[in-house]
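Every number here is computed from the coordinates shown, using simple stated rules; none is lab data. This one's a predicted model, so the numbers in the text were calculated from it and none came from an experiment. For neighbour counting, all protein chains shown are included, and Cβ atoms are generated from backbone atoms with ideal geometry for every residue, glycine included.
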Ligand code: DX5
Ligand code: ZN
């Protein structure tokens, strides 16, 4: 059976002064819009928070894939839930940032939103095996979180394969960092079915075409 590949353009690489336009440009071709929330603590960069997530949600153009790169995300989960996320949206936080991941994955689920956990390159997949069943998405970072445009880390693919082996049909295996028309093939072969891409989409003159091109690059292997 063919596996559906989801593409999630990352707003981090879009023009921050024209976020609505950036969402509109990709909404017809992408499956999700990836929103990178950074707090200048968990990662050395700062982006946006609940008001911007709420504004993107209000556009009502595409499902949201919210990637929290913040310290102690549990303290703020309610704020993100209040931003209007619903049953088709993902709310993903970092395992390394939250000592009680299980509690907050359950909280997100109980609020009717799809919970996800993300791991940095230095975190082994084994560390999240026990909470895997609570997740609708496992996001495997293929760069150190914080910035777009970094080099893809192919050695993370063993984690993708390990996650794929455990995954039930409703569980999505996502990869974030350095995904482009070439590396997309590597991640799909390893078993990923959600590709986050920032610079490979918004760095191009025609972001919609860039999505189509990434999708085409994996059609024979998905
Ligand atoms: C990095 C972010 C990514 C980033 C990816 O910490 O989580 O989502 O936007 O950017 P590219 O695709 O350019 O590596
Ligand atoms: Zn991200």
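Could you work out the relative contact order of segment 35-141, using alpha carbon pairs under 8 angstrom and six or more residues apart, expressed as a whole percent? List each step's numbers first, then the result.
Numbers: 187 pairs, mean separation 23.8, N = 107.
Relative contact order for segment 35-141 comes out at 22 percent.
How long is the gain from residue 82 to residue 220 if the chain were fully straight, where each residue apart is worth 0.36 nm and the alpha carbon distance is subtracted? All intermediate terms of the calculation are to be shown ahead of the outcome.
Details: separation 138, 0.36 × 138 = 49.68 nm, distance 4.03 nm.
Length gained between residue 82 and residue 220: 45.6 nm.
Between segment 86-108 and segment 185-220, what is the C-alpha centre distance in whole Å?
26 Å
Residues of segment 147-175 with amide nitrogen under 18 Å from the 7 Å Cα-to-Cβ point of residue 4?
167-175
If you take every DSSP beta bridge fully contained in the chain, what fraction is antiparallel? Give it as a percent rounded to 5.
On the way: 1 of 34 bridges.
DSSP beta bridges in the chain are roughly 5 percent antiparallel.
What distance in nm separates the simple spin-label points at residue 45 and residue 123, each placed 7 Å from Cα in the Cβ direction?
Going by the 7 Å Cα→Cβ label model, 1.8 nm.
Points 7 angstrom from Cα along the Cβ direction at residue 131 and residue 55: gap in nanometres?
3.0 nm
Please work out the Cα center distance from segment 1-27 to segment 116-176, rounded to the nearest Å.
Distance between centres, Cα-based: 20 Å.
If each residue of separation counts as 0.36 nm, what is the full-extension length gain between residue 167 and residue 213 once their alpha-carbon separation is subtracted? Can you show the working numbers first?
Values: separation 46, 0.36 × 46 = 16.56 nm, distance 2.69 nm.
Here the segment from residue 167 to residue 213 would lengthen by 13.9 nm.
What percent do you get for the relative contact order of segment 1-72 when only Cα pairs under 8 Å and 6+ apart count?
Working: 103 pairs, mean separation 24.4, N = 72.
Across segment 1-72, relative contact order equals 34 percent.
Please state the relative contact order of the chain as a whole percent: Cα pairs under 8 Å, 6+ residues apart?
Values: 456 pairs, mean separation 46.6, N = 222.
It rounds to 21 percent for the chain.
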